[in-house]
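For reference, the structure discussed in these notes is given below.
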Amino acid sequence: MIVREAETGDTVGIVELSAALFREDAGSRDPSTNLGWPEEEGHEYFSALVADGDYVCLLAESGGERVGYLAGRIKKGDALRPVKAAELESMYVREGFRSCGFGAGLAGEFFRSAAEKGAERVSVTAHAANGRAIKFYESLGFRPMRVSLEREV
């Protein structure tokens, strides 16, 4: 297993992994999500993200194959919450590589990078119906902080 920082040439592979995440996660849990976003906007988004020092984009590889990615950002504190924090925006590991340490490897490298960039806290958001993801994040030490509720008008 290799976990490394993504480079500009990795954008196509990251978009493919992001598209798989959208189909699997939001596709079955949030009908209001634009499932085409990775193909429509992802190349530009992830290219900018890889080049921006306030973001962290990581790839997990096995045998030369891209099997997972993690994208996160470092947010400066503000008057309301004056704490520099890292936000794990998205993470995906292909089905056949789950429960093999790839997710934990990506997260561990993200935590290390976030601390190196001065972050004091790390947050993540998951769909309430995605029990497997929530259990995984809790195994990494995340604890619920707020609940977001939504309804149709």
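Numerical summary
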| item | result |
| --- | --- |
| Selection within region 27-55 - under 18 Å from Thr125 (Cβ atoms) and charged (D, E, K, R) | Arg29, Asp30 |
| Verdict on Glu87 being surrounded by 15 or more Cβ atoms within 10 Å (Cβ to Cβ) and charged (D, E, K, R) | yes |
| Answer residue from region 21-49, given it is within 16 Å of Tyr69 (Cβ to Cβ) and in contact with a Phe, Trp or Tyr (Cβ under 7 Å, 6 or more places away or on another chain) and is surrounded by the fewest Cβ atoms within 10 Å (Cβ to Cβ) among those | Trp37 |
| Those residues of region 39-68 which are within 21 Å of Phe97 (Cβ to Cβ) and polar (S, T, N, Q), in sequence order | Ser62 |
| Residue ID - modelled with the highest pLDDT, chosen from residues in region 117-153 that are within 19 Å of Ala85 (Cα to Cα), of a type in the set (Lys, Arg) and exposed (fewer than 11 other Cβ atoms within 10 Å of the Cβ) | Arg143 |
| Residue within region 63-71 that is hydroxyl-bearing (Ser, Thr, Tyr), closer than 13 Å to Leu21 by Cβ and in contact with a Ser or Thr (Cβ under 9 Å, 6 or more places away or on another chain) present | yes |
| Selected residue (criterion: farthest from the chain's Cα centre (by Cα)) from residues of region 1-20 that are outside any helix (DSSP H, G or I) and surrounded by 14 or more Cβ atoms within 10 Å (Cβ to Cβ) | Met1 |
| Any hit, region 137-146, residues being part of a helix (DSSP H, G or I), in contact with a helix residue (DSSP H, G or I) (Cβ under 7 Å, 6 or more places away or on another chain) and in contact (Cβ under 8 Å) with a residue 12 or more places away in the chain | no |
| Hits in region 21-38 - residues which are over 15 Å from the mean Cα position of the chain (by Cα), at pLDDT below 90 and not in a loop (DSSP other than H, G, I, E, B) | Gly27, Ser28 |
| Subset of region 105-114 (residues that are surrounded by 16 or more Cβ atoms within 10 Å (Cβ to Cβ) and either of a type outside the set (S, T, N, Q) or in a loop (DSSP other than H, G, I, E, B) (or both)) | Gly105, Leu106, Ala107, Glu109, Phe110, Phe111, Ala114 |
| Gly108 out of contact with any Leu (no Cβ under 9 Å at 6 or more places or on another chain) and small (Gly, Ala, Ser) | no |
| Test: residue in region 115-122 that is of a type outside the set (Phe, Trp, Tyr) and assigned to a helix (DSSP H, G or I) | yes |
| Search result, residues across region 62-99 that are outside any helix (DSSP H, G or I), within 13 Å of Ile2 (Cβ to Cβ) and either in contact (Cβ under 8 Å) with a residue 24 or more places away in the chain or touching a helix residue (DSSP H, G or I) at 6+ places or on another chain (Cβ under 6 Å) (or both) | Ser62, Arg66, Val67, Gly68, Tyr69 |
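The values are calculated or read from the model by the stated rules, or taken from the named source; none is laboratory data. Small disclaimer: the values here were computed from a predicted structure and weren't measured. Counting neighbours? That spans all protein chains shown, and the Cβs are built from the backbone with ideal geometry, glycine included.
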